[in-house]
Protein chains: 2
Amino acid sequence: MTRPVWFEPLAVDAGSPARVGRLHTPHGSLETPAFMPVGTQGTIKGLTPSMVHDAGARMILANTYHLALRPTAEVVQTLGGLHRFMNWDGPILTDSGGFQAFSLAGTSKLTEHGVKFRSHIDGRLLELTPESAVTIQETLGADVIMCLDECPALPAEKPAIASAVARTIRWAQRCKDAHTRADQSLFGIVQGASHEDLRAECAEALVAMDFDGYAIGGVSVGESREDVRKALEVTTPLLPANKPRYLMGVGRPQDIIDAVATGIDVFDCVLPTRNGRNATCLTAKGQVRMRNAIHKTDTRPIEEGCDCLACRSFSRGYIRHLFIANEMLGPILASIHNLAYLHRLTRQIREAILDGRFVPFRAETLEALGP
Amino acid sequence: MTRPVWFEPLAVDAGSPARVGRLHTPHGSLETPAFMPVGTQGTIKGLTPSMVHDAGARMILANTYHLALRPTAEVVQTLGGLHRFMNWDGPILTDSGGFQAFSLAGTSKLTEHGVKFRSHIDGRLLELTPESAVTIQETLGADVIMCLDECPALPAEKPAIASAVARTIRWAQRCKDAHTRADQSLFGIVQGASHEDLRAECAEALVAMDFDGYAIGGVSVGESREDVRKALEVTTPLLPANKPRYLMGVGRPQDIIDAVATGIDVFDCVLPTRNGRNATCLTAKGQVRMRNAIHKTDTRPIEEGCDCLACRSFSRGYIRHLFIANEMLGPILASIHNLAYLHRLTRQIREAILDGRFVPFRAETLEALGP
């Protein structure tokens, strides 16, 4: 099979494993490290595709679970596939749907065959298997698709995590066997929580299967920042340098910086858009809560020097008014700013790595961000 | 006082009083007949100013009642005035706040001095007088401001309407006396419901006061389409040809066409954006309900040939999905389309008048729109 997605490592930092690269897909390239906004139901909430692009995003994520339930993968296909459906002409990644089948759906039942669950929308009984997860994602048509993995709720005892790792490895092979579309790439997902030996076991088994890229899963579901860093420091070096490395579900600026320091290339998270809808804005000096009365007559933008639509056009006082008055434009503008902030951060990260000064950049940036 | 807003009549239709003109303001000009979208709280719900402009709008309306309560006229002024506040560099009109003080607020009490009411937000007791309505609008800083009028709830007995007309005339004089800003224009409002004699009495009294423009009020609050047409046919000819004529609160395509036929120049209404949020789209063939299952796999745009962002970029199937999935982008796209539709309609109206074929255009357009 041809490899439609391939990774071009460009530079490694002078003082850390942090690296700059380029991810090539049938829908264009992505400079890494990069952050992917999340369009759960085939739309980045409240934003048009051109707003997302103007905020700097080049690759986005859509959720297979949500789209498979509504409007269904077949409807998306009939409407021209995921890119045409949502009018996003750049790279798209879909997850496997497994995480939501476990966490969002009604009582789910896990067997070696797959996971049975009830739709959170209408209670229908559904099953997701490694094979159907791949087939649904092939029908949706993203550039990068993900293996179905078992992500146990954390904290969990080590034997439960070991069992999830073993099943994740077996399911990864079934996903690879089921994968047919030559214009889509399939990524494996490394599980193992904070256990070095389990992360290593999973990484080595998946690397032996030769996936097009590797994700690190299970870090955003209940582990401490210290545990995550430890898991990354163990796992990332085991992943091949010529393949992209994707840390799933991470979007806190501090966590992105820490993960880049171990050699991670790509991130996704609902944080910038969810925070934006809740009136919390990300800035280089930490979070700013836009409902706060302190902004009432503030003529400054959310963040001085930011070139996003919100900061170019509107005062903090106006944006606060929008949130207090429950106007849709508030969440829209704050979401745009948060995406623009994260894309500025990843651009600065790339520049710092290319200049061989990522280590001091990391220290300064974390200091300015605060806790 | 200089007249910052002035009206340039350009052409009258060959077979009707329908006319084309240009309204000049300190923030640019407006080709008439024109429709003004409503930005109640200083934002056209869900849309950025550039989306509103791209949809064809050149002049917008903001509501004095809402802005005076929140964030207050003083805060808007501190944030640079209404244009800077909402980043709309084109013409803006504010209403007087009277209509909402009567209809939205808690039990209102009307005296010759003004109207006392309780804020619908926090229950504060407030008073709007002809003088304070002008002062608040001067503080907000729109290009065109409106007199405080008495708009009785309809249906009402004729003596009640006669009394409202008499008070509207007295209040108009007080507004004119209170008006100080040379860069803002003040419009009078003709009341009188469907009574020809009362409309005529009101129009003549206001014209004698020489306002910068004239609005026809009270037509969107309970009168039949036949009553409205009759009121317009009586009132419009009494208004001076060299002043703009504004029909308040009207936005149904059929009603706009009927009103233009009597010589109306400007309209405002929440209809296109409110309908858009409720998944109802306006088209030349009548309304299309986007939640309908018939659109599920429809790859066509909302309206063939429409050049709005929604129709250029997205299928009916996708927009239906957005509404069914309760995604903000659905209301955003439908609102954009509805504004673009109304602006296309007014452009076609202007072209028909300039070509002297408004009468057949009206018949064909009403026929295609259906009931």
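The values are calculated or read from the model by the stated rules, or taken from the named source; none is laboratory data. Small disclaimer: the values here were computed from a predicted structure and weren't measured. So basically every Cβ, Gly included, is an ideal-geometry build from the backbone, and we count neighbours across all protein chains shown.
Name the pairs: first residue in region B:224-241 and under 23 Å from B:Leu154 (Cα atoms), second residue surrounded by fewer than 16 Cβ atoms within 10 Å (Cβ to Cβ) and modelled with pLDDT under 95, Cβ to Cβ under 7 Å, at least 6 apart or on different chains?
B:Val234/B:Glu196
Identify, please: which residue in region B:320-371 is free of Cβ contacts under 8 Å to residues at least 24 places away in the same chain and among the hydrophobic types (A, V, I, L, M, F, W, C) and is, among those, farthest from B:Met36 (Cα to Cα)?
Across region B:320-371, the extreme among qualifying residues is B:Ala325.
Mind counting the residues in region A:222-244 that are in a loop (DSSP other than H, G, I, E, B) and either within 24 Å of A:Leu354 (Cα to Cα) or not small (Gly, Ala, Ser) (or both)?
Selection size over region A:222-244: 7.
Could you check A:His120 against (1) within 14 Å of chain B (Cβ to nearest Cβ); (2) within 30 Å of A:His53 (Cα to Cα); (3) surrounded by fewer than 20 Cβ atoms within 10 Å (Cβ to Cβ) and say which number it fails?
The failed condition is (2).
Which one of these does B:Ala340 not meet: (1) over 19 Å from the mean Cα position of the chain (by Cα); (2) under 22 Å from B:Met290 (Cα atoms); (3) not β-branched (Val, Ile, Thr)?
Unmet for B:Ala340, out of (1) over 19 Å from the mean Cα position of the chain (by Cα); (2) under 22 Å from B:Met290 (Cα atoms); (3) not β-branched (Val, Ile, Thr): (1).
Filter region B:94-113 for residues that are assigned to a strand (DSSP E or B) and touching a Ser or Thr at 6+ places or on another chain (Cβ under 9 Å) and give the result.
B:Thr94, B:Gly106
Which members of region B:199-210 meet the condition of being crowded, with 22+ Cβ neighbours inside 10 Å and not small (Gly, Ala, Ser)?
Answer for region B:199-210, where residues must be crowded, with 22+ Cβ neighbours inside 10 Å and not small (Gly, Ala, Ser): B:Arg199, B:Cys202, B:Leu206.
Could you tell me whether B:Asp210 is at positive phi, without any contact (Cβ under 8 Å) to a residue 24 or more places away in the chain and in the same structural domain as B:Ile136 (by TED's automatic domain parsing)?
Yes; evaluated as a whole, the condition is true for this residue.
Among A:Arg320, A:Arg252, A:Arg277, which is the only one that is over 25 Å from A:Ile92 (Cα atoms) and of a type outside the set (Phe, Trp, Tyr)?
A:Arg320
Can you confirm whether region A:174-197 contains a residue that is in contact with a strand residue (DSSP E or B) (Cβ under 9 Å, 6 or more places away or on another chain), aromatic (Phe, Trp, Tyr) and either touching a residue at least 12 places away in the same chain (Cβ under 8 Å) or crowded, with 23+ Cβ neighbours inside 10 Å (or both)?
yes
Out of the helices (runs of 4 or more DSSP H) lying entirely within region A:245-330, which hold 3 or more residues that are within 14 Å of chain B (Cβ to nearest Cβ) and modelled with pLDDT of 95 or more?
A:271-277, A:309-313, A:316-324
So which residues in region A:321-371 are in contact with a strand residue (DSSP E or B) (Cβ under 6 Å, 6 or more places away or on another chain) and surrounded by 21 or more Cβ atoms within 10 Å (Cβ to Cβ), if there are any at all?
Correct list: A:Ala334, A:His337, A:Asn338, A:Leu339, A:Tyr341, A:Leu342, A:Thr346, A:Arg350, A:Ile353.
Looking at region B:147-175, which of its residues are of a type in the set (D, E, K, R) and more than 19 Å from B:Phe117 (Cβ to Cβ)?
Within region B:147-175, B:Glu157, B:Lys158, B:Arg170 meet the criteria.
Tell me, which residue of region B:36-84 that is out of contact with any Pro (no Cβ under 8 Å at 6 or more places or on another chain) and in a strand (DSSP E or B) is nearest to the other protein chains (Cβ to nearest Cβ)?
B:Gly39
Being part of a loop (DSSP other than H, G, I, E, B) and surrounded by fewer than 22 Cβ atoms within 10 Å (Cβ to Cβ) is the filter; apply it to region B:19-35 and report the residue that is nearest to the other protein chains (Cβ to nearest Cβ).
Per the criteria, the residue is B:His27.
Just wondering, is there one or more residues in region B:106-126 that are polar (S, T, N, Q), farther than 30 Å from B:Ala57 by Cα, touching a residue at least 40 places away in the same chain (Cβ under 8 Å) and touching a strand residue (DSSP E or B) at 6+ places or on another chain (Cβ under 7 Å)?
Yes: region B:106-126 contains one or more residues that are polar (S, T, N, Q), farther than 30 Å from B:Ala57 by Cα, touching a residue at least 40 places away in the same chain (Cβ under 8 Å) and touching a strand residue (DSSP E or B) at 6+ places or on another chain (Cβ under 7 Å).
When you check B:Leu140 against the structure, is it modelled with pLDDT under 95 and hydrophobic (A, V, I, L, M, F, W, C), yes or no?
No; evaluated as a whole, the condition is false for this residue.
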